[in-house]
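Below is one structure, written out as structure tokens; comments come after it.
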Amino acid sequence: MEDVEIVELYWQRNEEAIRESDRKYGKYCFKIAHNVLFDRSDSEECVSDTWIKAWGSMPPNRPERLGAYLGRITRNLALNMYEKLTAEKRGAGETAVALDELSEVIGRESDVEANVDLTLLKDSINAFLRRLDKETRIIFVRRYYYLATVKEIAAGMHLSDSKVKMTLLRTREKLRVWLQEEGYEI
Amino acid sequence: MKKMDLMKAMNGIDEQFLLEADPYEKAVRRSFSLRRNWKLVSAFAVLLLAVGIFYPFYKSAPFGGSGSDNAAPAPAPIAAYDTELAKDMSGFDLLPETLAGGKLSDSYMPDEHTAVAVYGDENGNEAFRVIRQDIPFTQTSGETKDDASERKEAESTASSEEIQTVYWEDNGFYYCLEIRVSGEEDSGELIGEAIRSIR
């Protein structure tokens with residue numbers, strides 16, 4: 001079934017929308033969740049929550065790319081669950097490694113709760129991504145959005161592991177400088 | 001700023017960048033669907049049908065189908081140099097149909113360097129043969145002089161005929177004339193006539 005037809009089912013409040021979403025994007029969303037959580041049952045729970053969130057958000061939303069839309073919901077849910085699990089000392093997998101890498105960008109975390117406007121930060125990140133060449137951008141997004149491992153990225157792009165690592169290192173440094181220029185306290 | 005803020009902010013990455021980088025789009029999301037790929041499936045079915053129809057014709061064609069159990073036996077390599085082709089390639093088409101009283105009964109190329117023309121008598125028995133090579137007979141890749149001697153000796157023994165051999169070179173080619181001589185028959189005249197005719 002095409003995306004537009006599934007979205008229409010959501011708008012009609014037809015529960016077939018969830019079955020079709022699961023059929024078409026279930027594995028996709030599971031992969032995204034599993035990359036964050038590294039746990040099968042937690043990931044399945046995340047995917048189930050994704051359909052509930054999708055049901056609650058359509059309408060009013062009418063996404064053109066349903067896969068990207070659902071994937072974004074899954075990732076958000078998975079990160080929230082990761083935070084919760086980390087607090088319970090259960091967090092594992094690639095997320096912890098990726099977060100450690102991102103700590104290079106922001107330096108030492110402030111003990112004081114900084115009130116970061118996530119909307120502005122998103123805009124800054126998108127502006128930064130637009131400045132990158134395509135290969136670097138793909139590597140960066142695969143690593144920090146999809147949380148793919150360095151090996152997965154290297155294999156998928158026919159690059160060496162060291163090339164991917166080096167690209168990520170340089171891009172993180174560029175992001176750090178960029179965010180400083182954008183006025184973030186780093 | 002917390003690193004988790006940065007990680008969460010990446011949820012707002014533009015959709016175009018997500019699609020551009022999506023590593024799981026093909027592997028996970030796009031499971032093969034007959035309904036979605038009906039054009040591809042149809043094209044493949046047509047291709048299979050076409051192969052099914054034309055393959056038997058291909059197998060039976062003179063240029064096709066080696067290796068099948070049902071196919072006609074593949075000709076021996078020597079056949080590629082046989083008869084008319086041999087004539088064309090070797091220049092034997094310039095030889096007369098009759099030569100020194102013999103009639104051209106066969107011509108072939110046993111290898112890429114050698115052409116053979118066989119002349120028979122009025123009874124159809126081989127009278128003599130002319131062998132022409134584009135390399136000296138000592139270098140022939142087909143029958144060497146030694147091989148030829150052994151063959152002639154064996155044939156002579158079997159038929160109580162003597163095979164006389166004359167070698168000469170002309171116009172960049174190397175010739176060998178083999179004549180079957182029985183008893184006291186004088187082959188000198190025949191040899192002279194043959195050589196003159198070929199030249």
Q) Out of all the residues in the stretch A:137-186, which are within 16 Å of the chain's Cα centre (by Cα), part of a loop (DSSP other than H, G, I, E, B) and more than 10 Å from every other protein chain (Cβ to nearest Cβ)? A) A:Thr149
Q) Within the stretch A:135-149, is there a residue that is among the hydroxyl-bearing types (Ser, Thr, Tyr) and surrounded by fewer than 17 Cβ atoms within 10 Å (Cβ to Cβ)? A) yes
Q | Conditions (1) touching a helix residue (DSSP H, G or I) at 6+ places or on another chain (Cβ under 6 Å); (2) at pLDDT 70 or above; number of the one not met by B:Phe54 | A | (1)
Q: Scan the stretch B:29-44 and give yes if some residue there is within 14 Å of chain A (Cβ to nearest Cβ), modelled with pLDDT of 80 or more and open to solvent by 40 Å² or more (accessible area, probe 1.4 Å), otherwise no.
A: no
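Being at positive phi and not small (Gly, Ala, Ser) is the filter here, so list the residues in the stretch A:152-186 that pass it.
We begin by selecting, within the stretch A:152-186, every residue at positive phi; these are A:158, A:183.
Across the stretch A:152-186, the qualifying residue is only A:His158.
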(Q) Name the residue that is farthest from the chain's Cα centre (by Cα), counting only residues in the stretch A:60-88 that are surrounded by fewer than 18 Cβ atoms within 10 Å (Cβ to Cβ) and touching a residue at least 60 places away in the same chain (Cβ under 8 Å). (A) A:Glu64
Q: Restrict the check to the stretch A:41-59 and report whether at least one residue is open to solvent by 10 Å² or more (accessible area, probe 1.4 Å), within 18 Å of B:Ile13 (Cα to Cα) and more than 8 Å from chain B (Cβ to nearest Cβ).
A: no
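The values are calculated or read from the model by the stated rules, or taken from the named source; none is laboratory data. These numbers were taken from a predicted model, which means no experiment stands behind them. Ideal geometry is used to build each Cβ from the backbone, glycine not excepted, and the neighbour counts take in all protein chains shown. Areas reflect the complete protein model, heavy atoms only, side chains present, ligands, DNA and RNA absent. Shrake-Rupley method; radii C 1.70, N 1.55, O 1.52, S 1.80 Å.
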